[in-house]
Amino acid sequence: MPRIKHQPLLSLLALLFCANASVSQVKTSDDIPAIHSNIHQDEDGRLYINHKGEKIYETPPKATYRLTDLKGNPKGTDTGISFDFNNPDLHGKMYYGFIPYGDAKHPLPVYFKTEAKIENGKSAINIAEMRGKYDMIGWEQSEKGTVGYRIVDSRGTTVYDGKITFKGKGPFEIDHTLIEGPFVNRLTPDGATISFETNLETAAKIIVNGRTFNGDVNTHHEILVSGLEPNKKYNYEVIFGNTHQEFYLTTAPLPGTRSSFKFSYASDSRNGKGGGERNVHGANFYIMKKIMALSKQQNVAFTQFSGDLINGYLTDKGEINLQYANWKRAVEPFWHYFPVYISMGNHEILYRRFDNKQGQNVARIDRFPYKTESAEAVFAANFVNPENGPVSEDGAIYDPNPMVSDFPPYAENVFYYTYDNVAVIVLNSNYFFSPSFASIPHLGGGLHGYIMDQQLSWLESTLQTLEVDNNIDHIFLTQHTPFFPNGGHVKDDMWYNGQNSFRPYVAGEPLAHGIIERRDQLLDLIVNKSSKVIAILTGDEHNYARTEIGPNTNIYPKNYNNPKVKLSRTIFQINNGAAGAPYYAQEPTPWSSFVSGFTTQNALVLFHVSGDTLEVEVINPDTLEKFDSYKLR
């Protein structure tokens, strides 16, 4: 592919990055994807890049904490449960208390009056002390119970919330435990996929309406429940070992029923400031629990959450799994009952890092091998989303090796789903993401905010399918990054201060279309070639704002010389990145006069759907103040 002309900023950055770089004679390993350039492997198998005449080696993955360690390898003792967190540097406290299953729809631990010390990575819970007036779950009679425990390190940061079930009266034993979930996923008119994690490999099953649905022997369980009636509430019972727990779900209406329902939307819940549950190692527990409680109180049919769940930007898979587990724990008590659809943001990145001898970061790229280690693959392993999206960017015009899978997968991070007469299309605008912008021309990588060709082609075909589907009236498109940033990300997203030169590179070559051109191609699809797309749901900017996008909206920088898209109708960008991450104030843009409702309050957007009518209200989940409402249709 010929190089693209007129890219002064990208070319300058590439030159700066490559200045004085020597040409390596080391052959690139077959393990290094062909979509990268200037990544090499020495005789010892270590990866390095050339930068200013210096070999910059990959920095080994490093983690503060890992999920497998903080589960604590619990063991029964004469008086309770001992924990070993496999980290001699971990000191702090462990708060613990019984979880009263059957006493509430949203079971959470009620902490005991005392806590346990964590010294040299070890701790213990004394269950024998929790007898008599402290036995609110009846464990002395049943000889069984579940304890929730919270690990707080010596800095006062909560790093993990765990659960473990015990049996006996002393000595105690560890029993089968539901350590995560159950979660309602992939809801349909006749069922759903129920997912959950157990501490031990076991053959789990789910009973619904007198029917039994069996799973495999495993610790991770995804069980498809089917054959139910549409728009009906069902109790479901999760059974594993000698344990059973009961919850409920409501199936979706038949497509095109045009019933009345609500759904909620938010984004950006990575850890915030203020202490306490605003930072449970990567996640803002405080606001996420408020968001989910309000969603449940509003009886939503489903929740869409579009990226930056966690703080992320990590090199170790065990640590990003921990942060995902913490986020899921905040959402879990409500996710038992209705689905939460999750998509990726830039903070979900898991990367390889190259630092120079002075410890300065030179480059970061999505972690390969992409099938198992990429940010996309690890995200998919942590969530259960629809699997109807594109495969990858393999086969695109810029694919240097069409016979081999070189790109990260799109499985479960690009998809669409429907509920009654609504369709939601989920895109990944941080695919193949490299957060080290200056290294993208030199090494290859995806650009923050960019939708690559195969994903764009899939979007076009999906819109065509939904456009002729008579059961669908309203289409929402969601991606993490705004088309039109207003505060915090004017320097990037799909704008880059009005500079179209920004784009991904693959195998040393730039893609044909810059960021603003690609934005316009997307706008042409969703505005001019679709009559059903009503709004774009975005985040990334930690605020709430509504932006009118239509024929009169000024969407270009001064002296823009590329072709311009002419919009035939008006839609809205609804940005809600106000789920707990540190705020961004508003900045001036060409479209500022088309922005309304801007606020840095925490926000939950609620969509009220009733046939052809679609109304919106925006509520602060912390104060319950409603601060915006309007009619979309």
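Identify, please: which residue in the range 449-480 is buried (at least 20 other Cβ atoms within 10 Å of the Cβ) and among the β-branched types (Val, Ile, Thr) and is, among those, farthest from Leu254 (Cα to Cα)?
Ile451
Can you find a residue in the range 390-413 that is surrounded by fewer than 23 Cβ atoms within 10 Å (Cβ to Cβ), at pLDDT 95 or above and within 15 Å of the chain's Cα centre (by Cα)?
Yes, the range 390-413 contains a residue that is surrounded by fewer than 23 Cβ atoms within 10 Å (Cβ to Cβ), at pLDDT 95 or above and within 15 Å of the chain's Cα centre (by Cα).
Could you grab the pairs with beta carbons closer than 6 Å, sequence gap of 6+ or different chains, first residue in the range 35-52 and of a type outside the set (Ser, Thr, Tyr), second one in a loop (DSSP other than H, G, I, E, B) and surrounded by 20 or more Cβ atoms within 10 Å (Cβ to Cβ)?
What qualifies is Ile35/Asp406; Ile35/Gly444; His36/Gly444; Ile49/Asn38; Asn50/Asn38.
When only residues in the range 142-168 that are among the small types (Gly, Ala, Ser) and buried (at least 22 other Cβ atoms within 10 Å of the Cβ) count, which is farthest from Thr79 (Cα to Cα)?
Going through the range 142-168, the residues among the small types (Gly, Ala, Ser) turn out to be 142, 145, 148, 154, 156, 162, 168.
Now drop any that are not buried (at least 22 other Cβ atoms within 10 Å of the Cβ), which leaves 145, 162.
Working: Gly145: 14, Gly162: 19 Å.
Among those that are among the small types (Gly, Ala, Ser) and buried (at least 22 other Cβ atoms within 10 Å of the Cβ), it is Gly162.
Suppose the filter is outside the structural domain of Asp190 (by TED's automatic domain parsing), within 28 Å of Tyr417 (Cβ to Cβ) and of a type in the set (Asp, Glu); does Asp316 pass it?
When the stated conditions are applied, Asp316 does not pass them.
Could you identify the single residue in Asn430, Asn361 that is of a type outside the set (Val, Ile, Thr), within 16 Å of Gly307 (Cβ to Cβ) and either crowded, with 23+ Cβ neighbours inside 10 Å or at pLDDT below 95 (or both)? Even if it seems obvious, please write down each step before you answer.
Details: Asn361 fails: within 16 Å of Gly307 (Cβ to Cβ).
Every option except Asn430 fails the conditions.
Select the strands (runs of 3 or more DSSP E) contained entirely in the range 521-625, then report the ones holding at least 3 residues which are hydrophobic (A, V, I, L, M, F, W, C).
Working: elements: 533-538, 544-549, 571-576, 595-599, 604-610, 613-619.
So the answer is 533-538, 571-576, 604-610, 613-619.
Looking at Lys532, Lys626, Lys564, Lys631, which is the one that is of a type in the set (Lys, Arg), at pLDDT 95 or above, in contact with an Asp or Glu (Cβ under 9 Å, 6 or more places away or on another chain) and within 25 Å of Arg278 (Cα to Cα)? Steps first, please.
Working: Lys532 fails: within 25 Å of Arg278 (Cα to Cα); Lys564 fails: within 25 Å of Arg278 (Cα to Cα); Lys631 fails: within 25 Å of Arg278 (Cα to Cα).
Going through Lys532, Lys626, Lys564, Lys631 in turn, the sole match is Lys626.
May I ask you to list the residues in the range 620-633 that are under 20 Å from Phe476 (Cα atoms) and surrounded by 15 or more Cβ atoms within 10 Å (Cβ to Cβ)?
The first filter runs over the range 620-633 and keeps only residues under 20 Å from Phe476 (Cα atoms), leaving 628-633.
Once the filter is applied, which keeps residues that are under 20 Å from Phe476 (Cα atoms) and surrounded by 15 or more Cβ atoms within 10 Å (Cβ to Cβ), the range 620-633 yields Asp628, Leu632.
Quick check on my filter: what residues within the range 298-338 are closer than 23 Å to Ile475 by Cβ and within 14 Å of the chain's Cα centre (by Cα)?
Thr303, Gln304, Phe305, Ser306, Gly307
Condition test on Lys105, is it touching a residue at least 60 places away in the same chain (Cβ under 8 Å), under 21 Å from Asn199 (Cβ atoms), among the charged types (D, E, K, R) and touching a strand residue (DSSP E or B) at 6+ places or on another chain (Cβ under 9 Å)?
Here the answer is no, as Lys105 does not meet what is asked.
For the range 346-357, does any single residue satisfy the condition of being under 27 Å from Thr418 (Cβ atoms) and either of a type in the set (D, E, K, R) or in contact with a Lys or Arg (Cβ under 6 Å, 6 or more places away or on another chain) (or both)?
Yes: one or more hits.
Restrict the check to the range 557-565 and report whether at least one residue is surrounded by fewer than 18 Cβ atoms within 10 Å (Cβ to Cβ), more than 29 Å from the chain's Cα centre (by Cα) and among the hydroxyl-bearing types (Ser, Thr, Tyr).
For the range 557-565, residues surrounded by fewer than 18 Cβ atoms within 10 Å (Cβ to Cβ), more than 29 Å from the chain's Cα centre (by Cα) and among the hydroxyl-bearing types (Ser, Thr, Tyr): present.
Mind checking which residues of the range 39-69 are modelled with pLDDT of 95 or more, closer than 24 Å to Pro510 by Cα and either aliphatic (A, V, I, L, M) or assigned to a loop (DSSP other than H, G, I, E, B) (or both)?
Scanning the range 39-69 gives Ile39, Leu47, Ile49, Ile56.
So which of Asn299, Asn235 ends up being in contact with a Leu (Cβ under 9 Å, 6 or more places away or on another chain) and at pLDDT 95 or above?
Going through Asn299, Asn235 in turn, the sole match is Asn235.
The values are calculated or read from the model by the stated rules, or taken from the named source; none is laboratory data. Here the structure is a predicted model, which means the values were calculated and not measured. Here Cβ is always computed from backbone atoms with ideal geometry, including for glycine, and neighbour counts include all displayed protein chains.
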